[in-house]
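Working notes for the structure below.
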Amino acid sequence: MAQPVVRTPEVKVALSTASVYPESTATAFEIAGRLGYDGVEVMVWTDPVSQDIESLRRLSDYHGVPILAVHAPCLLITQRVWSTNPWTKLERARAAAEKLGASAVVVHPPFRWQRNYARDFVDGIWRMADETDVRFAVENMYPWRYRDREMLAYAPDWDVTNDDYRHFTVDLSHTATARNDALDMIGRMGDRLAHVHLADGSGSGKDEHLVPGRGNQPCAELLEKLATSGFDGHVVVEVNTRRAMSGAEREADLAEALAFTRQHLATASRVPGAPRTPGTPRP
């Protein structure tokens, strides 16, 4: 029996609400709907709308944009969002994901000065994961650098593959900042890779979050690998558009990122040399 020559990728492409900063969470839903993203990842931060489940539900319904993931408030600027207790933050993130229909909670490893939290983090994430169908996907980070000095800011480790987690998030801006081999890290994650933050970086030491294709990270190779490996998570465009001179320029960057992502997912789904099925993207 003849085999199909085209496999349509099932990977959904979402927009992180952080990608529109300094614009609002509401603006992210509007842009995601207009550009045709499959959904959003909500970055819970100081914007009150990002913290309010009913407001998020209304935005999702109004724009017809599903919420696919929730990013727990674990940045320096969100230390007081949803409590100062980091476990309470994760419990609220899980509850938000469950109520909003999101399949993943993204969480960073603790800061080193959060000693009690860091000490129990690996076991605690396993306990929380056992209590829900929502995936707790722990994200790779990077050492902080200033000139020739390096500070290890995260514990147990910024390289999350050195610890035992059920699910991982890989962020390609973070691999650039850490100056490590992204494909090697992804290989170590194996089938525990459950979530992707797609962005690019040049290895400058800054967490750049460039539009994919504008740096030196293997963004295209990663997408092509996902499309052929049975990956069942989401790809989230998480780029920095704060230097955009206008809303139109920001939207153009986000449209470019979406086109790049979909092109490379679709390219990998075609058998080389096979005739193109009408309606499928041309590489």
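At Asp123 and Asp52, where each label point lies 7 Å from the Cα along Cα→Cβ, what is the point-to-point distance in nanometres?
Between Asp123 and Asp52, the simple spin-label model gives 4.0 nm.
Please determine, in degrees from 0 to 90 and to the nearest 10, the orientation of helix 53-63 with respect to the longest principal axis defined by the Cα atoms of the chain, where the helix direction is its Cα long axis.
20
What are the semi-axes of the equivalent ellipsoid of segment 101-258, taken as the square roots of 5 times the eigenvalues of the Cα gyration tensor, listed largest first and rounded to whole Å?
Details: eigenvalues 128, 82, 46 Å².
For segment 101-258, the ellipsoid semi-axes come out as 25, 20, 15 Å.
Restrict the search to segment 1-90; then list the trypsin sites (Lys or Arg not before Pro) that DSSP places in a loop and that have at most 13 other Cβ atoms within 10 Å of their Cβ.
Counting only loop positions with at most 13 other Cβ atoms within 10 Å, the trypsin sites (Lys or Arg not before Pro) in segment 1-90 are Arg80.
Normalising by the residue count of the chain, find the relative contact order in percent from Cα pairs under 8 Å and 6+ residues apart.
Answer for the chain is 18 percent.
Which trypsin sites (Lys or Arg not before Pro) does segment 125-211 hold that lie in a coil by DSSP with at most 15 other beta carbons within 10 Å?
Arg147, Arg166, Arg179, Lys206
Hey, could you get me the Stokes-Einstein D for segment 18-125, Kirkwood radius over alpha-carbon pairs, 10 °C and 1.306 mPa s, rounded to whole µm² s⁻¹? Could you put the intermediate results ahead of the total?
Values: Rh = 14.3 Å.
Diffusion coefficient, whole number: 111 µm²/s.
Tilt of helix 247-268 relative to the longest C-alpha principal axis of the chain, in degrees (0 to 90, nearest 10)?
Rounded to the nearest ten degrees, it is 60.
To test your reading of the geometry: what angle, between 0 and 90 degrees and rounded to tens, separates the Cα axis of helix 25-35 from the longest principal axis of the chain?
Between helix and principal axis, roughly 10 degrees.
Would you mind calculating the gained length between Ile77 and Met151 on full extension (0.36 nm times residue separation, minus the Cα-Cα distance), in nm to one decimal?
Value of the extension gain: 24.8 nm.
List the relative contact order of segment 200-247 as a percent without decimals, with contacts defined as Cα pairs under 8 Å and 6+ residues apart. Before the final figure, lay out each step's value.
Details: 35 pairs, mean separation 15.7, N = 48.
Relative contact order here is 33 percent.
Using a 1.4 Å probe and counting only protein heavy atoms, arrange Tyr117, Tyr146, Tyr21 so the residue with the most accessible area comes first. Kindly include the intermediate steps, with their values, before the conclusion.
Values: Tyr117 20, Tyr146 145, Tyr21 90 Å².
Result, largest first: Tyr146, Tyr21, Tyr117.
At 1.4 Å probe size, with the rest of the protein present, what percent of the exposed accessible area of the chain is carbon and sulfur atoms?
Of the solvent-accessible surface of the chain, carbon and sulfur hold 49 percent.
Once a ≥ b ≥ c are taken as the square roots of the eigenvalues of the Cα gyration tensor of the chain, is the result rounded (a/c under 1.5), prolate (a/b larger than b/c) or oblate (a/b not larger than b/c)?
Rounded shape, in that the Cα axes give a/c under 1.5.
Counting heavy atoms of the protein chains only and a 1.4 Å probe, report the per residue accessible area for the chain as a whole number of Å².
Spelled out: the 1.4 Å probe surface of the chain, per residue, equals 47 Å².
Considering the convex hull of the alpha carbon atoms of segment 86-182, report its projected area averaged over all viewing directions, in nm², one decimal. Intermediate results must be reported in sequence, preceding the final value.
On the way: hull surface 26.4 nm².
Mean shadow area of the hull around the Cα atoms is 6.6 nm².
The values are calculated or read from the model by the stated rules, or taken from the named source; none is laboratory data. Owing to the predicted nature of the structure, the values given are computational and were not obtained by experimental measurement. Cβ coordinates were reconstructed from backbone atoms using ideal geometry, including for glycine residues, and neighbour counts include every protein chain displayed. SASA here: full protein model, heavy atoms, side chains in, ligands and nucleic acids out. Shrake-Rupley method; radii C 1.70, N 1.55, O 1.52, S 1.80 Å.
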